[in-house]
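Here is the structure we will look at.
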Amino acid sequence: MASPLPVSPPAVHVALSEGRSYAVHFEPLATAPMHLREAGLSGPLALVVTDETVGPLHLGALADALRADGWTVEATAVPAGEGSKSLDQLSALHDWALGLGIDRQTPLLALGGGVVGDLAGFAAATLLRGIPLVHLPTTTISQVDSAIGGKTGINHATGKNLVGAFHQPRLVLADPATLDTLDERAFRSGLAEAVKHALISDPALADRLDREWDTLVARQPDVLAPLLRDAAAVKARVIEADEREAGERAFLNFGHTFGHALEKEAGYGTLTHGEAVALGMRAALHLSESLRLGQVAEALGPFAEADRLVARLDPPAPTLAIDALMAATEADKKRTAAGVRYVVLDAVGRPRLAADVDDALLRAAWRYALSA
Ligand SMILES: NC(=O)c1ccc[n+]([C@@H]2O[C@H](COP(=O)([O-])OP(=O)(O)OC[C@H]3O[C@@H](n4cnc5c(N)ncnc54)[C@H](O)[C@@H]3O)[C@@H](O)[C@H]2O)c1
Ligand SMILES: O=C(O)C(=O)C[C@@H](O)[C@H](O)[C@H](O)COP(=O)(O)O
Ligand SMILES: [Zn+2]
């Protein structure tokens, strides 16, 4: 007898101001028509943006379900990878969509990972000053993180995600089965964002990730989907509390001040975002211990266990000049007139922003992350 399909974990609900809200469903792509209707989205036209890797794998199932429900589907694919978070690709999406005679009710469906989600989300934010956005995330990063919260955008020569907008989705449909085709590097490194959510907010989730790591990386469905869902729920709670990053949403940037500098200096796409964030979290944990001691840490102390969990992501450490990395952090969007700010931990689950951090502590943190 065929093994029973895994039961979908319960949806995550995101409640925003002024009565706005959306659901994050961990169900098959074939349920898209039902959830589009529930979200108040009507056709007949649906735009689908995907990438050249995901399209041949997963667009058919989505388009068949939509067409069977009476939708007219127009789809386009951008080149896979970080390079598509560019002004050229954004402009090409504008030309494509506007050539199809869209109106302000036409939904744009982003079928892919975080690159597709960020790019297509920014296209949806800027077409007609905003059309409905639906995320259909197909990577570990996009299912636990990028599809939720409304950050969209593209990269700029001076830094990551420096051009963009907040544009919340109307619906997120994260089909865990799409992860079956995701390569090992993207799958494993993408778990960095789930580890991040645990370290900034949920020590019990960190323990669970550590305990279930082997079955998680083996993609066991009855472990994977509930863990991704619970990691996504951590982010949803933060978004509800601080949608536009006036305060605690900055904690979702744990490891990113270091990580974005690594992505830029290594060359966008050389490191996956997850790898860069994993290295960034190791640096941030070292910095947390140095700040706790008030001097350069020789060991991780109370953060050693957290660092061991991050180390399980096994990120490659590139050979890069610390001076260049330090300079690249100057573009970080959390900076104020007082300078760059880093998300550090007073303990697992207790994040804060540190400003005016001593260079010696930062250099030691970089050395730790790049040599660990
Ligand atoms: N907006 C946010 O809140 C947010 C949060 C986290 C990350 N991000 C951004 O997301 C990006 C990283 O996202 P990502 O890791 O998903 O990268 P990605 O979108 O580049 O996907 C990784 C690779 O996997 C391929 N792929 C995607 N889904 C697949 C599937 N189901 N099967 C086979 N191949 C598949 C893609 O074509 C790509 O080659 C970065 O640009 C990062 O800045 C944004
Ligand atoms: O949603 C957020 O807020 C995050 O910080 C999530 C991050 O994982 C993500 O990489 C985000 O794009 C980084 O935000 P940015 O403002 O530094 O670009
Ligand atoms: Zn991230």
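It is to be established whether one or more residues within region 308-321 are assigned to a loop (DSSP other than H, G, I, E, B) and of a type in the set (K, R). Yes, the conditions are met somewhere in region 308-321. How many residues are assigned to a helix (DSSP H, G or I), closer than 21 Å to R129 by Cβ and not polar (S, T, N, Q) if we restrict to region 61-101? Qualifying residue count, region 61-101: 9. Regarding T139, is this residue within 16 Å of ligand 2 (Cβ to nearest atom), within 21 Å of T76 (Cα to Cα) and out of contact with any strand residue (DSSP E or B) (no Cβ under 7 Å at 6 or more places or on another chain)? Considered against the rule, which asks whether it is within 16 Å of ligand 2 (Cβ to nearest atom), within 21 Å of T76 (Cα to Cα) and out of contact with any strand residue (DSSP E or B) (no Cβ under 7 Å at 6 or more places or on another chain), T139 comes out as yes.
For region 40-56, residues that are small (G, A, S), open to solvent by 30 Å² or more (accessible area, probe 1.4 Å) and under 19 Å from G112 (Cβ atoms) total 0. Candidates L171, L133, L182: the one that is under 24 Å from S21 (Cβ atoms) and away from ligand 2 (no atom under 16 Å from the Cβ) is L171. Among the residues making up region 86-113, those that are open to solvent by 20 Å² or more (accessible area, probe 1.4 Å), in contact (Cβ under 8 Å) with a residue 60 or more places away in the chain and over 18 Å from H35 (Cβ atoms) are S86, L87, Q89.
The residues of region 227-286 that are part of a loop (DSSP other than H, G, I, E, B), touching a Gly at 6+ places or on another chain (Cβ under 7 Å) and surrounded by 24 or more Cβ atoms within 10 Å (Cβ to Cβ) amount to a single one, G255. Number of residues in region 149-176 that are more than 7 Å from ligand 1 (Cβ to nearest atom), closer than 19 Å to H197 by Cβ and open to solvent by less than 10 Å² (accessible area, probe 1.4 Å) equals 4.
Are any of the residues in region 64-71 farther than 23 Å from V163 by Cα, open to solvent by 70 Å² or more (accessible area, probe 1.4 Å) and not small (G, A, S)?
Yes, some residue in region 64-71 is farther than 23 Å from V163 by Cα, open to solvent by 70 Å² or more (accessible area, probe 1.4 Å) and not small (G, A, S).
Being in contact with a Leu (Cβ under 9 Å, 6 or more places away or on another chain), open to solvent by 10 Å² or more (accessible area, probe 1.4 Å) and small (G, A, S): is that true of A328 here? Yes. Of note, A261 satisfies the criterion of being of a type in the set (A, V, I, L, M, F, W, C) and in contact (Cβ under 8 Å) with a residue 40 or more places away in the chain. For region 8-24, indicate whether the set of residues that are assigned by TED's automatic domain parsing to the domain that holds V234, under 22 Å from L57 (Cβ atoms) and surrounded by 18 or more Cβ atoms within 10 Å (Cβ to Cβ) is non-empty. Yes - at least one qualifying residue is present in region 8-24. Just one residue in the set A241, A311 is away from ligand 3 (no atom under 16 Å from the Cβ) and either free of Cβ contacts under 8 Å to residues at least 40 places away in the same chain or touching a His at 6+ places or on another chain (Cβ under 7 Å) (or both); that residue is A241.
Kindly establish whether T53 is among the hydroxyl-bearing types (S, T, Y), under 24 Å from A236 (Cβ atoms) and within 7 Å of ligand 1 (Cβ to nearest atom). No. Is region 337-345 home to any residue that is under 30 Å from R170 (Cα atoms) and either hydroxyl-bearing (S, T, Y) or open to solvent by 50 Å² or more (accessible area, probe 1.4 Å) (or both)? The answer is no, given that none of the residues of region 337-345 is under 30 Å from R170 (Cα atoms) and either hydroxyl-bearing (S, T, Y) or open to solvent by 50 Å² or more (accessible area, probe 1.4 Å) (or both). Just checking, does region 208-216 include any residue being among the aliphatic types (A, V, I, L, M) and free of Cβ contacts under 8 Å to residues at least 12 places away in the same chain? No, because not a single residue in region 208-216 is among the aliphatic types (A, V, I, L, M) and free of Cβ contacts under 8 Å to residues at least 12 places away in the same chain.
The values are calculated or read from the model by the stated rules, or taken from the named source; none is laboratory data. As the structure is a computational prediction, the values presented were derived from the model and not from experiment. Counting neighbours? That spans all protein chains shown, and the Cβs are built from the backbone with ideal geometry, glycine included. Side chains are part of the model used for accessible areas, which takes the heavy atoms of the whole protein and leaves out ligands, DNA and RNA. Shrake-Rupley method; radii C 1.70, N 1.55, O 1.52, S 1.80 Å.
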